[in-house]
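Asker: Have a look at this one.
Please treat every number below as a calculation from the coordinates, not as lab data. Just so it is clear, the structure is predicted and the values come from calculations on it, not from any experiment. Here the Cβ positions follow ideal geometry from the backbone for every residue, glycine too, while neighbour counts run over all protein chains shown.
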Amino acid sequence: MKKISYSGYRFPPEIIRRAIWLYLRFTLSLRDVEDLLSERGIAVSYETIRRWVNHFGPLIAADLRKRRPKPHTTWHLDEVYLKIDGRMVYLWRAVDAEGEVLEVLVQAKRDKHAALKLMRKLLKKYGFVPDLLITDDLRSYRAASRDLGIAKRHQRGRWRNNRAENSHQPTRRRERKMQGFKSRGSAQRFLSTHAAVYNTFYVQRHLTWARTHRAFRAAAMNTWRMAVAAA
């Protein structure tokens, strides 16, 4: 895969990569990352870190997504509201049965058109129709699945969709830490990048032995290092 070029930047690639990893991997603000780097004797402003994340983050996320295996064939779809610049918008999210974030989409409405846009993007992105599509009781999902000819694979039920509803929690934590998103575009860019990093490091720790967890964590870090490797 094509490696990232860090040429033209005053700071070494190792510092840039560390700053981006800290910000995307943990629930930290830009100023938190600035303080952590300062403790190690690295004087860099939070605005510089913001520019690094905005520039390199999508490139790293695209590389990480290419390295992910094929997702589970059961998909869960859900939507929650976001308040951006005083207006209510909706964050549509799709996850598979193992909690992998398949797609996030910030849209202005909560209707059939929005549901269709999410479903079409998912089908085009992964190239196959899921065996099972689980949603809540929002009628927009039923209408969209009927238009796409996959109504027989669609199941509805509030309690059956806990997997998707729980997947919104990391976003809510980041939203509070960032004191809200400033625009729909910036929210879409950040959440798409964050989802790719989240998938890489996501391990259901309570279901694994400590030795297995350490092995998964080491594999995740190795994947990250390959994705951010300099050209």
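Asker: Please enumerate, by chain and number, the aspartates and glutamates with C-alpha under 16 Å from the C-alpha of residue 152, excluding those fewer than 8 residues away in the same chain.
Answerer: Partners within reach: 131, 136, 137.
Asker: Let me ask another. Sorting 29, 38, 167 on the 10 Å Cβ count, fewest up front, what's the list? Please list the in-between numbers first.
Answerer: Details: 29 15, 38 11, 167 23.
Going from sparsest to densest Cβ surroundings: 38, 29, 167.
Asker: DSSP beta bridges in the chain, what fraction antiparallel, as a percent rounded to 5? Intermediate values should be presented prior to the final figure.
Answerer: Values: 16 of 23 bridges.
Among the beta bridges of the chain, antiparallel pairing accounts for roughly 70 percent.
Asker: I would also like to ask the following. Looking at the stretch 7-46, which trypsin sites (Lys or Arg not before Pro) are in a loop (DSSP not H, G, I, E or B) and have at most 10 other Cβ atoms within 10 Å?
Answerer: 10, 40
Asker: In cubic angstrom, how much convex hull volume per residue do the alpha carbon atoms of the stretch 74-182 span? Working shown, then result.
Answerer: Values: hull volume 10.5 nm³, N = 109.
Roughly 97 Å³ of hull volume per residue.
Asker: Give me the percent relative contact order of the stretch 74-182, please, defined on Cα pairs under 8 angstrom at least 6 residues apart. Before the final figure, lay out the partial values.
Answerer: Details: 167 pairs, mean separation 31.8, N = 109.
Relative contact order comes out at 29 percent.
Asker: Then there is this: How do 123, 148 rank when sorted from fewest to most other Cβ atoms within 10 Å of their own Cβ?
Answerer: Working: 123 14, 148 17.
Starting with the residue having the fewest Cβ neighbours, the order is 123, 148.
Asker: When Rg is the radius of gyration of the Cα atoms in the stretch 117-164 and Rh is its Kirkwood radius, what does Rg/Rh come to? Let's see the in-between values first.
Answerer: Values: Rg = 10.4 Å, Rh = 11.1 Å.
A ratio of 0.94.
Asker: Grab every C-alpha pair in the stretch 149-190, bin the distances at 5 angstrom width from 0 up to the longest one, and report whole percents.
Answerer: Bins of 5 Å from zero give 5, 16, 18, 17, 12, 13, 13, 5, 1 percent of pairs.
Asker: Just to be sure I follow: if Rg is taken over the C-alpha atoms of the chain and Rh is the Kirkwood radius over the same atoms, what is Rg/Rh?
Answerer: On the way: Rg = 18.7 Å, Rh = 19.0 Å.
Reported Rg/Rh (Cα atoms, Kirkwood Rh): 0.99.
Asker: Moving to a separate point now. Quick one: of 83/117; 66/125; 124/182; 66/121, which pairs are farther than 18 Å apart, Cα to Cα?
Answerer: Numbers: 83/117 21 Å; 66/125 11 Å; 124/182 29 Å; 66/121 16 Å.
The pairs that break the limit, which is 18 Å between Cα atoms, are 83/117; 124/182.
Asker: Between beta-carbons, use under 13 Å as the cut-off and find the net charge around residue 126, counting Lys and Arg +1, Asp and Glu -1.
Answerer: On the way: positive: 65, 66, 68, 70, 120, 121, 124, 125; negative: 96, 100, 103, 131.
With Lys, Arg at +1 and Asp, Glu at -1, the neighbours total +4.
Asker: Do any chymotrypsin sites (Phe, Trp or Tyr not before Pro) in the stretch 20-106 lie in a DSSP loop with no more than 15 other beta carbon atoms within 10 Å, and if so, which? Walk me through the numbers before you get to the answer.
Answerer: On the way: sites: 21, 23, 26, 46, 52, 56, 75, 81, 90, 92; in loops: 26.
Answer by residue number: 26.
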